[in-house]
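Presented below is the structure to which this report refers.
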Amino acid sequence: MADRDALPLPLEVRARLAELELELSEGDITQKGYEKKRSKLLGAYLPHPPGLEASMAHERRPPMAPSASRYHRRRSSGTRDERYRSDVHTEAVQAALAKHKERKMAVPMPSKRRSLVVQTSMDAYTPPDTSSGSEEEGGQGEGTPTSSQGSVSMEHWISRAIHQGSTTSSSSSSTQSGGSGAAGRLADVLAQTHVGKSGPIAHLSLKRKTMLGIAENGNSLRRSCEFGSDLLWPPPLESEENHSAPPDVTTYTSEHPVQVERPQVSTVPRTTPKYGNAKLMETGDGVPVSSRVSAKIQQLVNTLKQPRRPPLREFFVDDFEELLEVQQPDPNQPRPEGAQMVAIRGEPLGVVTNWPPSLEAALQRWGTISPKAPCLTTMDTNGKPLYVLTYGKLWSRSIKVAYNILHKLGTKQEPMVRPGDRVALVFPNNDPAAFMVAFYGCLLAEVVPVPIEVPLTRKDAGSQQIGFLLGSCGVTVALTSDACHKGLPKGPTGEIPQFKGWPKLLWFVTESKHLSKPPRDWFPHIKDANNDTAYIEYKTCKDGSVLGVTVTRIALLTHCQALTQSCGYTEAEIIVNVLDFKKDVGLWHGILTSVMNMMHVISIPYSLMKVNPLSWIQKVCQYKAKVACVKSRDMHWALVAHRDQRDINLSSLRMLVVADGSNPWSISSCDAFLNVFQSKGLRPEVICPCASSAEALTVAIRRPTDDSNQPPGRGVLSMQGLSYGVIRVDSEERLSVLTVQDVGTVMPGALMCVVKPEGVPQLCRTDEIGELCVCSIATGMSYYGLSGMTKNTFEVFPTSSSGAPISEYPFTRTGLLGFIGPGGLVFVSGKMDGLMVVSGRRHNADDIVATALAVEPMKFVYRGRIAVFSVTVLHDERIVVVAEQRPDSTEEDSFQWMSRVLQAIDSIHNVGVFCLALVPANTLPKTPLGGIHLSETKQLFLEGSLHPCNVLMCPHTCVTNLPKPRQKQPEIGPASVMVGNLVSGKRIAQASGRDLGQIEDNDQFLFLSEVLQWRAQTTPDHVLFTLLSSKGAVLSSLTCLQLHKRAEKIAAMLMERGHLQDGDHVALVYPPGIDLIAAFYGCLYAGCVPITVRPPHPQNIATTLPTVKMIVEVSRSACVMTSQVISKLLKSKEASAAVDVRAWPPVLDTDDLPKKKPPQLYKPSNPDTLAYLDFSVSTTGMLAGVKMSHTATSAFCRSIKLQCELYPSREVAICLDPYCGLGFVLWCLCSVYSGHQSILIPPSELEVNPALWLLAVSQFRVRDTFCSYSVMELCTKGLGLQTESLKSRGLDLSRVRTCVVVAEERPRIALTQSFSKLFKDLGLHPRAVSTSFGCRVNLAICLQGTSGPDPTTVYVDMRALRHDRVRLVERGSPHSLPLMESGKILPGVRIIIANPETKGPLGDSHLGEIWVHCAHNGSGYFTVYGDEALQSDHFNSRLSFGDTQTVWARTGYLGFLRRTELTDASGERHDALYVVGALDEAMELRGMRYHPIDIETSVIRTHKSIMECAVFPWTNLLVVVVELEGSEQEALDLVPLVTNAVLEEHYLIVGVVVVVDIGVIPINSRGEKQRMHLRDGFLADQLDPIYVAYNM
């Protein structure tokens, strides 16, 4: 290999190779064909490497190069969109990815429901063999690498020869296929072609290739094909650099002998847990979990544990003690060191004697002197000339249009259009002739044309904004062509509808045949160019708004003169224009300057380019055109398609204007184009990139020179430096570079400087990137109608460092970022619009797109269909990348592509991507010429209507400015707290209800059974209970006597058939109704202890029956009493599948009772014995039974009787589940104690008839009613639209004075308020609606009752709550959270707020645990295991300081007491209790305490499709489950929205987002979410989620 210098590849061979590469990357030939043709071409030039045959024999495999796949991969990036083709960049990306491989990063792949997966799902995916680097190659070899060492080295050598021939800085095919293979000549080649300019930019690093050794390694590009199964990054594959490679290039050869390497690569199996059958594994808490889900979560946790960017230090205060970290400048960051720049002046604008005084004058001259001269040739879609417009025709038709606009619209007295008015020009891109006539017609009529795009539909992307522009310009007339007018959308009567946001327009067709001839004596008035507005060019801003840039007549003329001078235009030159002729470079060269110089324009429509990308080159050849105006995209397309053409000759071209030369990525297209077409007569100096902007018109353009010794300027800039706004020529080993080319020099007659992009327009230093500003006559004047913005853009006075303005004339900001290099060459590095400032560093959207596309683009996403923008989340910009996915790529492919893009962007730009989304092909909003409508895409993303098919969020890696986790301070002792409160004048937080007062007639009885017997004697016929059916009819009722008799029979049956002793436990399994009540009193009469149990649901036995069984077992019930139907159900076949039916205790059905009564009724000897057991499942999923003694039961009933003023004459409607808590007490006990009539409405009946409860309340004229949140929600949702019809049915709620929601949680203020508002029209008084509060240790602590002040609401700071502090704020202040008082404290109840850790008393308005002392507290938990410690703590706690004697029960709820200004019935100041949330439910995250309901509320607000939400923590990750109402396509829209909302409002990063169907989140009978059940279901993979996203 030492002699490789002797083998230069001839030029035509290199060109053919480049062509082959293109064909392969475009997929036009197969890998095999490519190999064949290539080896044929190179056969003559290849030295045989030693040992090749031997190694082949050894391998026994066809010689196929592994790097062919690499080649394919890398070349595919060469076929990218106009903007992004830099192989330097591609290699850098691949090298970065190769580096990353060594870091083995595990990214869990999201799980998707089958219906959402377009192609293969994860489970269906079988990993192909690891070796295949690309599809074409997959068939080779049997799971081993498909190469022999010999071919590697050969391939390697070739790629070296080819790559090193041309400059390392340039891009794409130039690196691939140009230059001499001789390393010895490499320096000369470089010196010749590129290093011409003096100064820092010219010095290219010749050693850059050493770094790229990594990218050359054939395997760095290999995708781990097991990705679908284990999602770990592939192991670091050792470099495949080989012995035969020259020693000066790589350092790997000695370290990695090939023999060692082979086996490593070919070992395919790796032992990592597969998801389909995840091994049993431990979670962070050490809990063994067997499931796919938790395996993924574990993987996510492990990934997140990996080191991240260095932590930031300083903070800024976010108006509270939550400190958000603020990015500190890096002390080592590069800073500009150069001298202050000097403004650069262009050459003077030459005065040519015969230049016309205005553009109209030029048209008049050519139209009259040489009317036959061709002005414009238009093409049809076959590339045939459609029409030639001559100067004579243009002149006469323009006059006609001018006359008709001024005289034929409106009336003679009241013309619609007067000189100076604005009119819209709406012409399609394939009709430049009609546009040109209309444009010049407007100029002649002295009206101002506003060229805009044709609106295709009523809701085109961005067309609404164009409508606003037309409205603000006062446009009332739109000129259009006949064909276009016919094609516009029409209404039913044939008129053109008003487009969304548009003003009312008169559509005026400008075809000659529709116009009347101007009279002989009418002639347009042709003046010299003045400061009147000539035309308005529209410009779309970053945020999607459309502005109109006004260009005056003098600026128009001067700009044409400057272009003529700098481009050297002469009369009758032929120019081919591919650009949009309505604006920008296309308009300036193809419509305006061409007429000034009587040139002939060949216009190529976009539609023809789509069919035949070579059309413009063919026209250049056909017409021997001197000039062509194109975009880099058009050059790129021509490259892709040129191979069919043999007779191309571009020697006539003297200037190829590249309109988007200001995009740094255009350089690659220029280089590649030159490489391929140099052999077809294209001269290097012909390529002239220019920079332009709507505001400053042409900013700079490279002049066409005849001197090919003057090479263009190049610079390889460090991306890192650019992100700090500093120019640093790249050092050798950096991966992240940007290669820029100059866009020529300043325009004639203009002055240019570079100013700082933000703040005061101060001049930059010479090595600093800033915004280019131009001072010239030939720039825009203003944004139409926007004086403030105009001042900031068009009237800028740049200042030197001393603060003095550098010129008395104003400059115009161009919106381009760049610098002025040596020799006055202008370099552009990006646009202001594409700038994203992430934690103080600037990144350009185009650069990010280029990096994303360099990662194997063609397979998974469409080139040119990638949108990059930033969204602001948590006080910083976050980068979002959206790409269109090819329909044929699988989930795994796409997901892997996404992960690699994240890595590449991270390595090259040192910035994290916040969200990467893939959408189905062709779904991103388009601009009229087929690009992506960025602002519209961003809008869709933010409102959740982008409908992506794949989303990867990386908040963990991107969000580095979260507040510091809270450090728990060592607790201050309880004594100090108390002293502190006393010193600061705060009272200790305690409160009590009123005394239970004097004893009334029924209060002498200690036992409920005695009260019932007494009522049966004194008021036997008084109705106590009425049960309603779903129709609202009375199903059954019970009087005092009936209940007593029935209870006696049941007691007899228990003693006889059940042979029960006193104190035995009996489970009552009844539907809500009267049997349940009778059975309960029957048990009391027999001396047994009843336990009410919700019956199993007949449609859902499998899940509901085990709970019944569990309660029966845990409560140690000696027998089960139930109805006949349920007793059959308990023993049915379905039941035996769910539980062991033989293990039931005896089951008695009470439908046929014995006739006789028991010998005597049981009377308990001690009031402290057990009356009943209250079993319920808490929201955290704990099943607990609470012991209620006879004393507590009577005290409870008494307390409620006093609070609600219940007497025998009252009716109370109860719509609650009668199985536990206050619901059971109200349903079964209170009526017997107080004697009032209870109207019982089973909540399940409301599902059939939502109005049942309210109709009953109205019909029975009830004053007090009780319901649950689920009932209230049913009414709010189910009756929302029926209030009118209910009113007509006579529903009247005006008698209701209390409507109490029975709950064990923080009051749901939003629900109670919407309920009050909704039924206000039906007479419901808003103050009637209130809530109660109870918990396990005390079933009712607060209940609104009848007298006493209205419930109050306070607003607290949600951030203070997280720190366990209460900070009252005003309504509507940021982070405020409304808390409603939970009702009045019941009589006989005392409350204190204690610190849950130290058990010390707390002060007023301090957050702590609510402790309660009262006669109706439960007397302890009833558990099988007798967990005494748990019990004694909950029911018998004492304060550690202060009143240490009283025994309190701990509720387990956090809340605070606040003394209000109101007075209660006793005349004392009223103490309000606010419940914040359960301690068990609260989540400790980042050292702070979060209540799930707060996060859930934020999430539900983010999108209309989120019906319900539940959150829970899992191994320090926050999991958010949302129920989706709507199509499954919307599922992925929710992921970014949910993540953003939780970040913004709670400073928390969501770890997993799970989207499920409606009804998946389990809810208990009280309407409370069972979050722990949900968690268990999620971890056991039982939720059947629509989508699960694991945020990185």
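The values are calculated or read from the model by the stated rules, or taken from the named source; none is laboratory data. Everything quoted here is computed from the prediction, not taken from an experiment. Note that each Cβ is placed from the backbone with ideal geometry, even for glycine, and that neighbours are counted across all protein chains shown. Accessible surface is based on the protein model in full, side chains and every heavy atom, while ligands, DNA and RNA are left aside. Shrake-Rupley method; radii C 1.70, N 1.55, O 1.52, S 1.80 Å.
Tabulated values for the structure
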quantity: Count of the range 1184-1227 residues which are over 21 Å from PHE1422 (Cα atoms), assigned to a helix (DSSP H, G or I) and of a type outside the set (A, V, I, L, M); calculated: 7
quantity: ARG1501 in contact (Cβ under 8 Å) with a residue 12 or more places away in the chain, in contact with a strand residue (DSSP E or B) (Cβ under 9 Å, 6 or more places away or on another chain) and among the charged types (D, E, K, R); calculated: no
quantity: Among (1) open to solvent by less than 30 Å² (accessible area, probe 1.4 Å); (2) under 28 Å from CYS541 (Cβ atoms), the one test that GLN465 misses; calculated: (1)
quantity: Near pairs, Cβ below 7 angstrom, 6+ apart or cross-chain, from the range 404-417 (within 17 Å of PRO519 (Cα to Cα)) to any residue that is small (Gly, Ala, Ser) and open to solvent by 30 Å² or more (accessible area, probe 1.4 Å); calculated: ASN404/SER516; LYS408/SER516
quantity: Residue within the range 470-482 that is open to solvent by 10 Å² or more (accessible area, probe 1.4 Å), touching a helix residue (DSSP H, G or I) at 6+ places or on another chain (Cβ under 8 Å), free of Cβ contacts under 8 Å to residues at least 60 places away in the same chain and in a helix (DSSP H, G or I) present; calculated: yes
quantity: Long-range neighbours under 7 Å by Cβ, at least six apart or interchain, first residue surrounded by 12 or more Cβ atoms within 10 Å (Cβ to Cβ) within the range 1149-1173, second at pLDDT below 80; calculated: PRO1167/LEU1006
quantity: Within the range 1024-1042, considering residues that are in contact with a helix residue (DSSP H, G or I) (Cβ under 6 Å, 6 or more places away or on another chain) and in a helix (DSSP H, G or I), the one surrounded by the most Cβ atoms within 10 Å (Cβ to Cβ); calculated: CYS1040
quantity: Residue that is most open to solvent (accessible area, probe 1.4 Å) [pool: residues in the range 810-865 that are charged (D, E, K, R), on the phi < 0 side of the Ramachandran plot and not in a strand (DSSP E or B)]; calculated: ASP833
quantity: Matching entry among MET789, MET781 (being open to solvent by 30 Å² or more (accessible area, probe 1.4 Å), under 30 Å from PRO704 (Cα atoms) and in contact with a Phe, Trp or Tyr (Cβ under 7 Å, 6 or more places away or on another chain)); calculated: MET781
quantity: Filter result (in a strand (DSSP E or B), open to solvent by 10 Å² or more (accessible area, probe 1.4 Å), modelled with pLDDT of 85 or more and among the hydrophobic types (A, V, I, L, M, F, W, C)) within the range 1445-1484; calculated: ALA1478
quantity: Qualifying residue in the range 1104-1111 (condition: part of a strand (DSSP E or B), open to solvent by less than 20 Å² (accessible area, probe 1.4 Å) and in contact (Cβ under 8 Å) with a residue 40 or more places away in the chain); calculated: no
quantity: Filtered residue count, the range 787-804, keeping only those that are more than 24 Å from ASP833 (Cβ to Cβ) and either free of Cβ contacts under 8 Å to residues at least 12 places away in the same chain or in a loop (DSSP other than H, G, I, E, B) (or both); calculated: 5
quantity: Output for the range 1014-1023, where each listed residue is over 30 Å from LEU1246 (Cα atoms) and open to solvent by less than 50 Å² (accessible area, probe 1.4 Å); calculated: ARG1015, ALA1016, PRO1020
quantity: The range 819-832 residues that are touching a residue at least 24 places away in the same chain (Cβ under 8 Å), paired with ones that are assigned to a helix (DSSP H, G or I) and open to solvent by less than 20 Å² (accessible area, probe 1.4 Å) (beta carbon under 6 Å, 6 or more apart); calculated: GLY821/ILE201
quantity: Residue that is most open to solvent (accessible area, probe 1.4 Å), among those in the range 1196-1219 that are touching a Lys or Arg at 6+ places or on another chain (Cβ under 8 Å) and under 17 Å from VAL1389 (Cβ atoms); calculated: LEU1202
quantity: In the range 1293-1347, residue surrounded by the fewest Cβ atoms within 10 Å (Cβ to Cβ) [restricted to those that are in contact (Cβ under 8 Å) with a residue 60 or more places away in the chain and outside any loop (DSSP other than H, G, I, E, B)]; calculated: ALA1310
quantity: Some residue of the range 644-665 being buried (at least 19 other Cβ atoms within 10 Å of the Cβ) and in a helix (DSSP H, G or I); calculated: no
quantity: Extreme residue, nearest to ALA845 (Cα to Cα), among residues of the range 708-739 that are at pLDDT 85 or above and of a type in the set (Ser, Thr, Tyr); calculated: SER723
quantity: Selection within the range 1548-1578 - under 22 Å from ARG1362 (Cβ atoms) and touching a strand residue (DSSP E or B) at 6+ places or on another chain (Cβ under 6 Å); calculated: LEU1548, VAL1550, GLY1551, VAL1552, VAL1553, LYS1569, ARG1571, ARG1575
quantity: Residues of the range 535-563 classified as over 30 Å from GLY467 (Cα atoms), open to solvent by less than 10 Å² (accessible area, probe 1.4 Å) and either among the polar types (S, T, N, Q) or in contact with a His (Cβ under 8 Å, 6 or more places away or on another chain) (or both), total; calculated: 1
quantity: Helices (runs of 4 or more DSSP H) lying entirely in the range 1489-1586 (those with 3 or more residues that are open to solvent by 40 Å² or more (accessible area, probe 1.4 Å)); calculated: 1492-1502, 1571-1579
